[in-house]
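The values are calculated or read from the model by the stated rules, or taken from the named source; none is laboratory data. Keep in mind that what you see is a predicted model, and the values were worked out from it rather than measured. Here the Cβ positions follow ideal geometry from the backbone for every residue, glycine too, while neighbour counts run over all protein chains shown.
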Amino acid sequence: MNHKYLILGIDPGTTTAFCALDLKGNLLKTFSAKNISTEKLIAEINQVGIPIIITCDVKIGPYLIEKIAHIFKAKIILPDHNLKQDEKQELIKNIPLDNIHQKDACASAIFAYKKLEPLLKRIENHLIKGELKEKEDLIKKKIILKEANTIEEALKQENYILPKISTKRQESKKPITQDKEIRELKENIIHLEDEIKNLRQENINLKSKYYIKNEDHIKNLLEKRKITIKTLENQIKEREIDLLNLKHLLQQKDKEIELIKEDKLIIRKLKNLSKEEINKITLSQKGDVLFVEDLTIPSEDSIIKLKDLKINYILFEKDNPKLRKIIEKLGFILINFKDIK
């Protein structure tokens, strides 16, 4: 099996065709055959790579689209309308193809790529270094299939952490970093909205299949379809919750950027340095300064958590000389709150 990740357009029918693109939109292979079995079709696809996007040229996908997507655990992206002939011709112009079936398959694949192109280009631009370029397709796959919400999270899953910047440079470039985080949050919101839209459409497609007149088909399919629809509805609810959370994070980032522009310092306040208290600082609330009422550290996990949150300065009110020395040795800058009153 080839391990290249694909965008796969399929045209089902008596003659079934597919068109495989890589994640940069390059045409890798077109294929068509009459009365081909699903097993043989999958074998042909496997020779090219692993589809992570499955699509076709109509807004209500045929059963074969769902089946192939299920086998490869791929995401289905459908157009919001049946593609017209003039649209297809525009999409596939200057591409030599053998028949109408390959043309329909290629048009749908290119349409899906163009829909994803802004997200794919942002990932490419982010991974400009040679050592990261090698992971480009894997990072794209993780973001598209929602295995990770951000590029940083996808890289971390691959045991790669972006290098830290020195404190002075970080302070001078902080507004830029915040803007970047906001852009990524907005990208995630757009991506989630698209996913919710696709899930809703898929839900509608499944519900429409209930109106088959043959009662025998309805009895056989009803229970399975009900479970699938319930699952999709739950996924929609989860995505809507994710969307609300991201919008809330975006509002927080907007407030923080305003404070930075006004030269105000963001300080997080905790009762102590217990793991429970530190967990109150989410990844969207990273700040350079932490105010701690009681300077105690119950475990090493607390220190690891502080480092992960990129805390540089700690203001404290109730001193603990022994623990203060330990914390200072770990690279944190400690300031007694009494000294700055």
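Of all the numbered requirements in (1) in a helix (DSSP H, G or I); (2) within 13 Å of Gly9 (Cα to Cα), Asp86 misses one, and that requirement is (2).
In this structure, Lys59 does not satisfy being loosely packed, with under 15 Cβ neighbours inside 10 Å, within 22 Å of the chain's Cα centre (by Cα) and closer than 26 Å to Asn198 by Cα. Residues in the stretch 312-341 that are among the β-branched types (Val, Ile, Thr) and either assigned to a helix (DSSP H, G or I) or modelled with pLDDT under 75 (or both): Ile326, Ile327, Ile340. The listed residues are Lys133, Lys141, Lys114, and the only one of them that is more than 30 Å from Ala33 (Cβ to Cβ) and either in contact with a helix residue (DSSP H, G or I) (Cβ under 6 Å, 6 or more places away or on another chain) or not assigned by TED's automatic domain parsing to the domain that holds His191 (or both) turns out to be Lys133. Within the stretch 5-50, being among the aromatic types (Phe, Trp, Tyr) and over 11 Å from Ala109 (Cα atoms) holds for Tyr5, Phe31. Could you list, in sequence order, the residues of the stretch 59-83 that are under 24 Å from Lys224 (Cα atoms) and outside any helix (DSSP H, G or I)? Lys59, Ile60, Gly61, Pro62, Lys73, Ala74, Lys75, Ile76, Ile77, Leu78, listed by residue number. Each residue in the stretch 1-58 was checked for being small (Gly, Ala, Ser), more than 19 Å from Pro96 (Cα to Cα) and touching a residue at least 24 places away in the same chain (Cβ under 8 Å), and 2 pass.
Scanning the stretch 107-142 for residues that are surrounded by 15 or more Cβ atoms within 10 Å (Cβ to Cβ), among the β-branched types (Val, Ile, Thr) and modelled with pLDDT under 90 turns up Ile123, Ile139. In the stretch 72-98, the residue that is nearest to Lys34 (Cα to Cα) out of those that are surrounded by 13 or more Cβ atoms within 10 Å (Cβ to Cβ) and over 21 Å from the mean Cα position of the chain (by Cα) is Leu97. When Leu283, Leu270, Leu232, Leu246 are checked against the criterion of being under 30 Å from Ile327 (Cα atoms), surrounded by 12 or more Cβ atoms within 10 Å (Cβ to Cβ) and modelled with pLDDT of 75 or more, a single residue qualifies: Leu270.
The number of residues in the stretch 1-32 that are out of contact with any Lys or Arg (no Cβ under 6 Å at 6 or more places or on another chain) and farther than 21 Å from Lys88 by Cβ comes to 5. Suppose we filter Gly49, Gly25, Gly61 for residues that are small (Gly, Ala, Ser) and more than 30 Å from Leu127 (Cα to Cα); which single one remains? Answer to the selection: Gly61.
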